[in-house]
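Undergrad: I am attaching a structure below and will ask some questions about it afterwards.
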């Protein structure tokens, strides 16, 4: 690379990833094949529109790439249709809202403080100025049980046009059958935001909302899916011509979504990213991906148990998926920002995070959020989770002891270098 400044920074970031362990549950490591597709010559091509219906010429191979991505995504999730063009999970959610709602319509979604996402209607977002968001919560933070009775009462009272199941920091599995029953009772579009657990779904380690009557699934393509950063919308219904207007019915939701993504929200799709999505979807179709997904959950359960043994207070008392939320303020009298910094100092990366009904401010919340997707991709197993938990406790206990922190960092570095990144693979 002629730009030596950027080349140097890329090399430093590569080394950081090699020498540390990634515990942020929304991050993962992609394969070399995904990286190569992301850096391919498809980045040069404008492809506004959809396969067979483009606004520019020269689309022979872009159409093939996008159709491969679409067909593989449909196969993974059992969907009737897939739109692989959204640039992010947030834009995927926004597209579904715009496709189905009119300004002022109501969405019933999970409260951010109880595990939801900003795009589920937090007041700071632009979406909250366009639509009326009503939020449901956990009934019992100790177990993570959603208050489905209260959720039904909210649905009957507010008659939401969309009932949204999904989360950003919720360690348990949702009862999709109860969501579906409530949504059907009030005539709501059933949408599941599966950005965090999409890989677990296709790997058979988590339930598929489509099996319970959901109409739409939105997702990112990174996280547990191990693809490039991007968005994805899957749907059930009649797949029509996105260039033609159709009636606003649940059966037409695939076409309504396509029309909203383009030309409604986005211009040219990122064809190099779509190529990388297609590669990642192909990898997720392999039998070994099921083994990976199951290992992610096993690792998370063991890590949660080991943290509890070391006096970490866990929100919901454990985990059913890839994600763990720990209350370090209750456990150790520190905030999540202090914990994040202490762990970063020993090459363990996670993120500070609010806990339900947190009394501390967002930049210094009570909790930390961690998970096992990236660790599992590197090859770590259940026996390694005990060591990770012990390093975490030691770093928090000795965070002001520079010599101890330095020694712990060396231990983590030596350990991490035993597990190469997938992109370090050398083809034979």
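The values are calculated or read from the model by the stated rules, or taken from the named source; none is laboratory data. What you see is a predicted model, and the numbers here were worked out from it, not measured in a lab. FYI the Cβ positions are ideal-geometry reconstructions off the backbone, even for glycines, and counts take in every protein chain you see.
Undergrad: Which ones in the stretch 306-350 are over 26 Å from residue 18 (Cβ atoms), touching a residue at least 40 places away in the same chain (Cβ under 8 Å) and in a helix (DSSP H, G or I)?
TA: 309, 315, 316, 317, 328, 332, 338
Undergrad: Hey, another quick one. Quick check: is even one residue across the stretch 155-173 on the phi < 0 side of the Ramachandran plot, surrounded by fewer than 19 Cβ atoms within 10 Å (Cβ to Cβ) and touching a strand residue (DSSP E or B) at 6+ places or on another chain (Cβ under 7 Å)?
TA: Yes, the stretch 155-173 contains at least one residue that is on the phi < 0 side of the Ramachandran plot, surrounded by fewer than 19 Cβ atoms within 10 Å (Cβ to Cβ) and touching a strand residue (DSSP E or B) at 6+ places or on another chain (Cβ under 7 Å).
Undergrad: A further question follows. Among the strands (runs of 3 or more DSSP E) lying completely within the stretch 68-171, list those that include at least 2 residues that are closer than 21 Å to residue 217 by Cβ and under 23 Å from the mean Cα position of the chain (by Cα).
TA: 81-83, 106-110, 132-136, 162-166
Undergrad: If residue 17 passes every condition in (1) under 30 Å from residue 351 (Cβ atoms); (2) in a loop (DSSP other than H, G, I, E, B) but one, which one does it miss?
TA: (2)
Undergrad: List, please: which pairs have Cβ atoms under 9 Å, are six or more places apart or on different chains, and start with a residue in the stretch 37-55 that is assigned by TED's automatic domain parsing to the domain that holds residue 261 and on the phi > 0 side of the Ramachandran plot and end with one that is in a helix (DSSP H, G or I) and surrounded by fewer than 16 Cβ atoms within 10 Å (Cβ to Cβ)?
TA: From residues that are assigned by TED's automatic domain parsing to the domain that holds residue 261 and on the phi > 0 side of the Ramachandran plot, the pairs are 49/263; 52/67.
Undergrad: I'd like to know if the stretch 238-249 contains one or more residues that are over 15 Å from the mean Cα position of the chain (by Cα), in the same structural domain as residue 280 (by TED's automatic domain parsing) and part of a helix (DSSP H, G or I).
TA: no
Undergrad: For the stretch 15-30, which residues satisfy the criterion of being closer than 27 Å to residue 278 by Cβ and either without any contact (Cβ under 8 Å) to a residue 60 or more places away in the chain or in contact with a helix residue (DSSP H, G or I) (Cβ under 6 Å, 6 or more places away or on another chain) (or both)?
TA: Result: 22, 26, 27, 28, 29.
Undergrad: Within the stretch 73-96, can you find the residues that are farther than 28 Å from residue 288 by Cβ, in contact with a strand residue (DSSP E or B) (Cβ under 7 Å, 6 or more places away or on another chain) and surrounded by 21 or more Cβ atoms within 10 Å (Cβ to Cβ)?
TA: If the condition is that a residue be farther than 28 Å from residue 288 by Cβ, in contact with a strand residue (DSSP E or B) (Cβ under 7 Å, 6 or more places away or on another chain) and surrounded by 21 or more Cβ atoms within 10 Å (Cβ to Cβ), then 93, 95, 96 are the ones that fit.
Undergrad: When you go through (1) farther than 23 Å from residue 19 by Cα; (2) outside any loop (DSSP other than H, G, I, E, B); (3) touching a helix residue (DSSP H, G or I) at 6+ places or on another chain (Cβ under 7 Å) one by one for residue 355, which number turns out not to apply?
TA: Result: residue 355 passes all but (2).
Undergrad: Are any residues in the stretch 111-135 closer than 16 Å to residue 162 by Cβ, out of contact with any strand residue (DSSP E or B) (no Cβ under 6 Å at 6 or more places or on another chain) and buried (at least 24 other Cβ atoms within 10 Å of the Cβ), and if so, which ones?
TA: 119
Undergrad: Another question, if that's okay. Taking the condition crowded, with 17+ Cβ neighbours inside 10 Å and either within 30 Å of residue 84 (Cβ to Cβ) or in contact with a helix residue (DSSP H, G or I) (Cβ under 9 Å, 6 or more places away or on another chain) (or both), does residue 312 pass?
TA: yes
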